[in-house]
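Engineer: This is the structure, below, for whatever I ask next.
The values are calculated or read from the model by the stated rules, or taken from the named source; none is laboratory data. Keep in mind it's a predicted model, so treat the numbers as computed, not measured. All Cβ positions, glycine included, derive from the backbone under ideal geometry; neighbour counts span all protein chains shown. Just the protein is used for accessible areas: all its heavy atoms, side chains included, with ligands, DNA and RNA removed. Shrake-Rupley method; radii C 1.70, N 1.55, O 1.52, S 1.80 Å.
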Amino acid sequence: MSVVGFDLGFQSCYVAVARAGGIETVANEYSDRCTPSFVSFGPRNRSIGAAAKSQVVTNCKNTVQGFKRFHGRMFSDPYIQSAKSNLVYDLAQMPSGSTGIKVPSYFTDTERRSVMDAAQIAGLNCLRLMNETTAVTLAYGIYKQDLPTPEEKPRIVVFVDLGHSGYQVSVCAFNKGKLKLLATAFDSELGGKDFDNILVNHFCEEFGKKYKLDVKSKPRALVRLYQESEKLKKLMSANSSDLPLNIECFMNDIDVSGKLNRGQFEEMCAGLLAKVEGPLRSVMEQAKLKKEDVYAVEIVGGASRIPAIKERISKFFGKELSTTLNADEAVARGCALQCAILSPAFKVREFSITDVVPYSISLKWNSAAEEGLSDCEVFPKNHAAPFSKVLTFYRKEPFTLDAYYNNPKELPYPSDTIGQFLIQNVVPQASGESAKVKVKVRVNVHGVFSVSSASLVEVVKTAEGEEPMETEQTAKEEENKMQVDQEDQKLHGGDNGDKKSETEEMETTTEDAKQEKKNDQPPQAKKPKVKTKTVDLPIENKSDWQLSSEVLNMFVENEGKMIMQDKLEKERNDAKNYVEEYVYDMRDKLHGALEKFVNEADRDAFSLKLEDTENWLYEDGEDQQKQVYIDKLAELKKMGQPIHERYMEAEERPKAFEDLGRQIQMYMKIIEAYKAKDEQYDHLDELEVTRVDKQVNEAMVWMNSKMNQQNSQDLTLDPVVKVDEIKAKAKELYTACNPVVSKPKPKVEPPKEEKTENGPVNGQEGTESQPCNPDKATPAGTEQETAESKLPQMDID
């Protein structure tokens, strides 16, 4: 079972995996732990990661990058429309109206739902969708051994994550075995890419004046300028002197150059740097903390390495910044840790995580008591998550709940709608009164809001004086009602004082009050018995951007087809590469190691064939089917394989003859020792030794004959004897001779002592006395008792 954490960033991705020894960030096929967030579409297949990034200049129109911010947005979204003008590739509108690119991100409810859909399309079982800052806090806190106990005051740590596309800040309280997010704040318009944009705009203007070039009109030139500007930005973080920027053949075969230093760069970015303190101040106000309460400030993210940013954060809190976490890999490691905690395959130290709802969520509905809309806040900002609430409504017909964010200004884009939820099959009671409907709303572990369930509470009255039978179903219904009522008591007050018609109802009648009312009534008066029955109601999610099951299945099917197409294309390219590799390899060896094993005529013919194949590969064979390359390789090997086999035979034959000769010499020495009456071999059977002698002599004659024939054979011809034949001869000789010459000597049994009935023999007192040598065998009866004593004791229940 694989336990994996993914950090899918705007510019790059990291993958961490949980192993027995801890969390490890895995490397890609290029042995790099950082994988670029690029996808390139070719005529036959896709390239992903580093392979796609290498095509960003040559195939810029079909290489997609920076798509994290498009996730979950409508095509008509203002951000999408403004971003289109700055992209070198095109965005297409899908039939559903959403952007046609699916990759994970962590922001609003809509984006979170889109992430889950993307994970399903990719074939991933997503156990939890984590906020980036939450993953960082887990990676920080789970290894700390000096955290305060649960009874003590928690340790307050601020986490600042400045990535390539966004700026996030969170405040977390740590105790031993748990963490609790207190507040979060962010700025979606501040990240490493914004600093890159300033550099690109600066050099576009400079090159326009200096070289009269319109850089933004050429997508390839613009992509190259972005790459060089990013490199310059990283160099300026480590150096304060003037640094050059040089690009050869930039546009129209013109070489361009420029220079910049850190001081000039910080002046150009003054507006961006001024935005650093805003989220810091906001998060401290939300958590109601003072700067003195903060134990440490931990910074992560690639853009956090910019000196001016670190300086402003440090100045705000009045303390040195902490960099104990890996700035690039902390998020992926935290996700892998969370996955390991949730997985049954790993035993991880208990550590509870309490996240927060980043935005205030409210519900809106049509009022049944009066015309107009009613609403209420169900989850305030920074409310603990996951969490659920039960709301009580009185309705005679189906109704719709509209979920939305309270403060659209806090959102990264202006759409404040979460979704519409239609509560179906609502009918009035038998008396015609409004039915009681309980609706459960929740924010799950993924941070996604939903109306998880709805139930209709029916009141059933029995006839006066009739004692209803207590059944298991009735008891279960009463138990369910008590649970629902207990959840009701967690709610806030109702809306506009209209307790019977709208929103949350507080049921505060206690058992004591019920008993008191019962005692006030005359004992002979019997009221009709009342019991309740709950009926589950279906809920329809009417969100326009939520992918339907049909569309999601279609995407899953399309992804499977693309994976198969990528696999087939890889196999086709591999087959082509094998042909090309064989051509180059054999062409070099024909005039090197294989030169002695092929005559001049065959060498010229084979060289010509290799040259023709090479030309074919770059002309007609550039784009052929896989089988064509396989047949072409087989055709070449038909000519080249015999030459290569003669070379391999010549390389391995001497060692094979040497091994056979060594074996013959060994058996000949043993035979000579036997003939010399050597005590070591005097037990061998004479007839068998004679047979071994004959076989050894025959093997020697065979070996000498083959060696002489081979020495007189031309190397350009097939060998007289092959290595496999020599090995088979050695194996045959071993099988026939080794059992004879390795036969062990028979053991000589010591003479048995004679017993007499009249007394001891040779002065011994008796045969029952124990021998003085403890190594000698004991009598049979004693051996049996000893063996029995060694058996394991059986446990008796």
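Engineer: May I ask for the equivalent-ellipsoid semi-axes of region 241-392, computed as the square root of five times each C-alpha gyration tensor eigenvalue and listed largest first in whole Å?
Structural biologist: Working: eigenvalues 363, 128, 88 Å².
They are 43, 25, 21 Å, listed from largest to smallest.
Engineer: So, counting K/R as plus one and D/E as minus one, what does the shell of residues with Cβ under 11 Å around Ser37 add up to?
Structural biologist: Values: positive: Lys53, Lys68; negative: Asp7.
Here the count lands on +1.
Engineer: Quick check: pseudo-label points 7 Å beyond the Cα along Cα→Cβ at Ser188 and Lys561, how many nm apart are they?
Structural biologist: In this crude spin-label approximation the distance works out to 3.3 nm.
Engineer: How many times 2.2 N^0.38 Å is the alpha carbon radius of gyration of region 1-55? Show your work: numbers first, answer last.
Structural biologist: Numbers: Rg = 13.0 Å, N = 55, 2.2 N^0.38 = 10.1 Å.
Taking the Cα Rg and dividing by 2.2 N^0.38 Å, one obtains 1.28.
Engineer: Which order do the peptides 593-606, 705-718, 157-170, 292-305 come out in when sorted by mean C-beta neighbours inside 10 angstrom, highest first? Kindly include the intermediate steps, with their values, before the conclusion.
Structural biologist: Details: 593-606: 15.0, 705-718: 12.6, 157-170: 25.1, 292-305: 19.6.
Packing proxy ranking, top to bottom: 157-170, 292-305, 593-606, 705-718.
Engineer: Among Ser705, Tyr681, Met668, flag the residue with its Cα farthest along the positive direction of the charge dipole of region 649-715, charges on Cβ as +1 for Lys/Arg and -1 for Asp/Glu.
Structural biologist: Among Ser705, Tyr681, Met668, the one farthest towards the positive end of the dipole of region 649-715 is Ser705.
Engineer: In nm, what is the difference between 0.36 nm times the number of residues separating Gln546 and Lys694 and their Cα-Cα distance? Don't skip to the answer; put the middle values down first.
Structural biologist: Numbers: separation 148, 0.36 × 148 = 53.28 nm, distance 8.78 nm.
Fully extending the segment from Gln546 to Lys694 adds 44.5 nm.
Engineer: Place a point 7 Å from Cα of Arg662 in the direction of its Cβ. Which residues in region 730-744 have their backbone N less than 16 Å from it?
Structural biologist: Those under the cut-off are 730-731, 734.
Engineer: Let me ask something else about it. Estimate the FRET efficiency between Lys319 and Lys364 by the formula 1/(1 + (r/R0)^6), using the beta-carbon distance for r and 45 Å for R0, to the nearest 0.05.
Structural biologist: Once rounded, the FRET efficiency stands at 0.50.
Engineer: Would you mind computing, in nm to one decimal, how far apart the modelled labels at Glu622 and Lys216 are, each placed 7 Å from Cα along Cα→Cβ?
Structural biologist: In this crude spin-label approximation the distance works out to 3.6 nm.
Engineer: Moving to a separate point now. Going by average Cβ neighbours within 10 Å, how do the peptides 324-337, 386-399 rank, with the highest at the top?
Structural biologist: Values: 324-337: 23.9, 386-399: 18.3.
For the peptides 324-337, 386-399, the packing ranking is 324-337, 386-399.
Engineer: For a quick protection proxy, order the peptides 145-154, 546-555, 647-656, 220-229 by their average other-Cβ count within 10 Å, most packed first.
Structural biologist: Values: 145-154: 10.7, 546-555: 13.5, 647-656: 15.1, 220-229: 19.6.
Result, highest mean Cβ count within 10 Å first: 220-229, 647-656, 546-555, 145-154.
Engineer: Starting from the Cα of Lys743, step 7 Å along the direction of its Cβ; do the same at Gln145; then give the gap between the two resulting points in nm.
Structural biologist: Label-label distance for Lys743 and Gln145, simple model: 6.9 nm.
Engineer: Report the extension gain between Ala345 and Asn125 in nm, rounded to one decimal, defined as 0.36 nm multiplied by the number of residues separating them, less their alpha carbon distance. Let's see the in-between values first.
Structural biologist: Working: separation 220, 0.36 × 220 = 79.20 nm, distance 1.48 nm.
Length gained, Ala345 through Asn125: 77.7 nm.
Engineer: Percentage of Cα-Cα pair distances in region 619-751 greater than 25 Å, rounded to whole percent? It would help to have the intermediate numbers written out before the result.
Structural biologist: On the way: 4411 of 8778 pairs.
Result for the distance tail: 50 percent.
Engineer: Short version: what are the Cα gyration tensor semi-axes of region 580-649, square root of 5 times each eigenvalue, largest first, in whole Å? Spell out each step's value before the answer.
Structural biologist: Details: eigenvalues 106, 31, 17 Å².
Output for region 580-649: semi-axes of 23, 12, 9 Å.
Engineer: Another one. On a full-extension model of 0.36 nm per residue, what is the gain between Ser431 and Lys655, subtracting their alpha-carbon distance, rounded to one decimal in nm? Kindly include the intermediate steps, with their values, before the conclusion.
Structural biologist: Details: separation 224, 0.36 × 224 = 80.64 nm, distance 10.31 nm.
Fully extending the segment from Ser431 to Lys655 adds 70.3 nm.
Engineer: Beyond 26 Å between alpha-carbons counts as too far, so tell me which of Lys218/Lys576; Lys694/Lys743; Lys193/Lys288 fall in that bin.
Structural biologist: Values: Lys218/Lys576 34 Å; Lys694/Lys743 18 Å; Lys193/Lys288 32 Å.
Exceeds cut-off: Lys218/Lys576; Lys193/Lys288.
Engineer: On to the next question. Could you rank Arg128, Arg587 by how accessible they are, 1.4 Å probe, largest area first?
Structural biologist: Largest accessible area first, the list is Arg587, Arg128.
Engineer: How high is the FRET efficiency between Thr735 and Lys596 when r is their beta carbon distance and R₀ equals 30 Å, given to the nearest 0.05?
Structural biologist: Numbers: r = 36 Å, r/R0 = 1.20.
Plugging the Cβ-Cβ distance into 1/(1 + (r/R0)^6) gives 0.25.
Engineer: With a 1.4 Å probe and all protein chains left in place, how much of the accessible area of region 635-707 comes from carbon and sulfur atoms, in whole percent? Provide the component values of the computation, followed by the final result.
Structural biologist: Values: 2350 of 4590 Å².
C and S fraction of accessible area: 51 percent.
Engineer: Given R₀ = 45 Å, FRET efficiency for Lys84-Met639 by Cβ-Cβ distance, to 0.05? Don't jump to the answer; show the numbers that get you there.
Structural biologist: Numbers: r = 56 Å, r/R0 = 1.26.
The value I calculate is 0.20.
Engineer: Now, a different point. With the Cα gyration tensor of region 23-75 in hand, convert its eigenvalues to equivalent ellipsoid semi-axes via √(5λ) and list them largest first in whole Å.
Structural biologist: Numbers: eigenvalues 92, 59, 15 Å².
The equivalent ellipsoid of region 23-75 has semi-axes of 21, 17, 9 Å.
Engineer: Rolling a 1.4 Å sphere over the protein heavy atoms, what is the accessible area per residue of region 573-727, to the nearest Å²? Write out the running numbers ahead of the final one.
Structural biologist: Values: 9610 Å² over 155 residues.
Per-residue value: 62 Å².
Engineer: Let me ask something additional. Among Lys389/Lys533; Lys275/Lys315; Lys389/Lys438; Lys210/Lys259; Lys609/Lys637, which pairs are too far apart, with a Cα-Cα distance over 18 Å? Don't jump to the answer; show the numbers that get you there.
Structural biologist: Values: Lys389/Lys533 21 Å; Lys275/Lys315 14 Å; Lys389/Lys438 10 Å; Lys210/Lys259 13 Å; Lys609/Lys637 11 Å.
Over 18 Å apart, Cα to Cα: Lys389/Lys533.
Engineer: Restricting everything to alpha-carbon atoms, can you work out Rg to Rh for region 147-189 with a Kirkwood hydrodynamic radius? Please report the intermediate quantities before stating the final value.
Structural biologist: Details: Rg = 12.8 Å, Rh = 11.4 Å.
For region 147-189, the value is 1.12.
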